[in-house]
1. Scan segment 183-193 and tell me whether some residue there is surrounded by 19 or more Cβ atoms within 10 Å (Cβ to Cβ), assigned to a strand (DSSP E or B) and out of contact with any Cys (no Cβ under 7 Å at 6 or more places or on another chain).
2. Would you mention how many residues in segment 265-283 are without any contact (Cβ under 8 Å) to a residue 12 or more places away in the chain and either buried (at least 22 other Cβ atoms within 10 Å of the Cβ) or more than 15 Å from CYS299 (Cα to Cα) (or both)?
3. Looking only at segment 298-313, count every residue that is of a type in the set (A, V, I, L, M), surrounded by 15 or more Cβ atoms within 10 Å (Cβ to Cβ) and out of contact with any Pro (no Cβ under 9 Å at 6 or more places or on another chain) and tell me the total.
4. Among ASP107, ASP140, which is the only one that is buried (at least 16 other Cβ atoms within 10 Å of the Cβ) and modelled with pLDDT under 95?
5. Just name the residue that is surrounded by the most Cβ atoms within 10 Å (Cβ to Cβ) out of those in segment 203-257 that are free of Cβ contacts under 8 Å to residues at least 24 places away in the same chain and under 26 Å from the mean Cα position of the chain (by Cα).
6. Which residue is nearest to VAL50 (Cα to Cα), if the candidates are limited to segment 141-189 and must be among the acidic types (Asp, Glu) and in contact (Cβ under 8 Å) with a residue 24 or more places away in the chain?
7. Quick one: would you say ARG67 is more than 16 Å from the chain's Cα centre (by Cα), surrounded by fewer than 17 Cβ atoms within 10 Å (Cβ to Cβ) and more than 15 Å from GLU306 (Cβ to Cβ)?
8. Can you work out which of the residues in segment 175-184 that are at pLDDT 95 or above and either over 16 Å from VAL133 (Cβ atoms) or not assigned by TED's automatic domain parsing to the domain that holds CYS235 (or both) is farthest from the chain's Cα centre (by Cα)?
Amino acid sequence: MGDTRHTRVLIIGSGPAGYTAAVYSARAMLNPLLIQGLQPGGQLTITTEVENWPGDTHVQGPDLMVRMESHAREMGAEVISDYISALDLSKRPFTAVADSGMTYTADAVILATGAQAKWLGLPSEERFKGFGVSACATCDGFFYRGKEVVVIGGGNTAVEEALFLTNFATKVTLIHRRDTLRAEKIMQDRLFKHPKIELLWNSEVTEVLGSDAPASVTGVRTHNLKTGEIKDVPCHGFFVAIGHAPASELVKDQLPLHNGGYVVVEPGTTRTAIPGVFAAGDLTDHVYRQAVTSAGMGCMAALDAERFLAGGH
């Protein structure tokens, strides 16, 4: 490989932020290149029911992302299935090296790499990943038809996963380290009313229990943070839903980050500390983290990039 291609606007990432940025920059005749990354479509491809995308009462996450991709292509954006492994923002044009060996140079870069699930960091969790330990109920829920599962977390993700898993599991235990949930009230109401869901408050998971041949989960060991009680909860599946970390590895030594790795942007814009580099979506947003706000930021990034390239910076 080893070829080099130049573009006016390079968009890295393919969630709602990346695809919206591609639509807007293509309409501005900037001929953008969008590099999809390891998970084309981003986190919405592992979300089944999306009920809060304006204009769609009900839409499947993967379907929505397929539509966004085709919209970007229709507008004239070039969508490339590749992964950026190195990015140099120290001089213009900016340089990005892809996994395929291709090098891209760009006058402006829009970072839309999103976020990824966080893990507990337990050796036993690592050991059973893919064998009963998962961070995606919508990907793996159907493996637990007629079985008992455990979800850990207290935000919207945890509650959504727990409710989703009731479609398959006979019992879902939700474990949370506090005694109240952070999830939206409407989600909490559904959770508390559900006959299949049991809650374990003020508790943390200290170990995933299982057997090795074949590798399978048999339960989790919990520690009550108030009473100190150690309790084993039997289950076949353990779902980690403790939040997300921004995918900022590419720029961690080049751009200011805050709140655990989110890219800092000028308030009210998508401009980063480096002129010509813009950030949008979950990579920069630790507050809202919604598909619709990511799309909005993708639009802002494209307009900011267009203004920058026109010399209005």
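1. Taking every residue of segment 183-193 in turn, none turns out to be surrounded by 19 or more Cβ atoms within 10 Å (Cβ to Cβ), assigned to a strand (DSSP E or B) and out of contact with any Cys (no Cβ under 7 Å at 6 or more places or on another chain).
2. Residues in segment 265-283 being without any contact (Cβ under 8 Å) to a residue 12 or more places away in the chain and either buried (at least 22 other Cβ atoms within 10 Å of the Cβ) or more than 15 Å from CYS299 (Cα to Cα) (or both): 2 in total.
3. Residues that pass the stated criteria total 4.
4. Result: ASP140 is the single residue among ASP107, ASP140 that is buried (at least 16 other Cβ atoms within 10 Å of the Cβ) and modelled with pLDDT under 95.
5. The residue in question is LEU257.
6. Only one residue tops the list, namely GLU160.
7. Yes, satisfied.
8. The extreme case among them is ASP179.
The values are calculated or read from the model by the stated rules, or taken from the named source; none is laboratory data. The model shown is predicted, which means the values in this text are computed figures rather than measured ones. Here the Cβ is made from the backbone with ideal geometry for all residues, glycine too, and neighbour counts use every protein chain on show.
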